[in-house]
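The values are calculated or read from the model by the stated rules, or taken from the named source; none is laboratory data. What you are looking at is a predicted structure, and each value in this text was computed from that prediction instead of being measured. With ideal geometry, Cβ positions are generated from the backbone for all residues, glycine too; neighbour counts draw on all protein chains shown. Accessible surface is based on the protein model in full, side chains and every heavy atom, while ligands, DNA and RNA are left aside. Shrake-Rupley method; radii C 1.70, N 1.55, O 1.52, S 1.80 Å.
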Amino acid sequence: MNEDEAYLDIAIRYLESCNEHINTNTTLQEVIGFNCYHSFESAGGAYNSHYGQVVPKAHARKLNAFVANTRHNTLVNGRAIAAIATMLNSLRNKYLYPEQVGYMFIRPQDQLSMTDCKRLVAKVRGILRQIERLI
């Protein structure tokens, strides 16, 4: 299996896990959110590898490379990729760690509703379909 195919497989599997949680009404919003993030990041790895780019290991660098390398490719929606990358990058830690607000802490599962999860999955699915057509 090539690197781009391996990253694409990861992206697909993580998004499938999101769908499974949603379809079985499993209220693990933080898991769905993080899995969406990882699916999107892996789709970026697949895209970059497919076009001969080095896939960075650092999270922010991987997302930035995905955005930069899709900017002028008319086969993908670079604007949507940039918007989703910005959103997911800002939410990543909220899915993993409690966030302090004043003297209180908000748990990861309280940072995202199931409605938000469904919207996020749909956005990442749309990008993943574009990447799948290329690889």
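The figures follow:
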{"quantity": "Selection from region 9-68 of residues that are outside any helix (DSSP H, G or I) and more than 20 Å from Thr115 (Cβ to Cβ)", "calculated": "Tyr51, Gly52, Gln53, Val54, Val55, Pro56, Lys57, Ala58"}
{"quantity": "Residue match in region 95-105 (condition: part of a helix (DSSP H, G or I), touching a residue at least 12 places away in the same chain (Cβ under 8 Å), touching a helix residue (DSSP H, G or I) at 6+ places or on another chain (Cβ under 9 Å) and open to solvent by 20 Å² or more (accessible area, probe 1.4 Å))", "calculated": "no"}
{"quantity": "Tally of residues being closer than 11 Å to Glu41 by Cα and among the aromatic types (Phe, Trp, Tyr) across region 51-90", "calculated": "1"}
{"quantity": "Matching residues in region 24-39 - criterion: being hydroxyl-bearing (Ser, Thr, Tyr) and over 23 Å from Lys62 (Cβ atoms)", "calculated": "Thr24, Thr26, Thr27"}
{"quantity": "Which listed residue, of Ala43, Ala60, is modelled with pLDDT under 95, within 16 Å of the chain's Cα centre (by Cα), open to solvent by less than 70 Å² (accessible area, probe 1.4 Å) and not acidic (Asp, Glu)", "calculated": "Ala60"}
{"quantity": "Pair list, Cβ under 9 Å, 6 or more apart: region 108-131 residue farther than 15 Å from Ile81 by Cα, other residue among the small types (Gly, Ala, Ser)", "calculated": "Pro108/Gly33; Gln111/Gly33; Leu112/Gly33; Asp116/Gly33; Cys117/Gly33"}
{"quantity": "Scan of region 63-86 for residues that are crowded, with 19+ Cβ neighbours inside 10 Å and either modelled with pLDDT under 95 or polar (S, T, N, Q) (or both), ordered by number", "calculated": "Asn69, Thr70"}
{"quantity": "Qualifying positions in region 1-40 - open to solvent by 40 Å² or more (accessible area, probe 1.4 Å), more than 15 Å from Ile131 (Cβ to Cβ) and polar (S, T, N, Q)", "calculated": "Asn19, Asn23, Thr24, Asn25, Thr26, Thr27"}
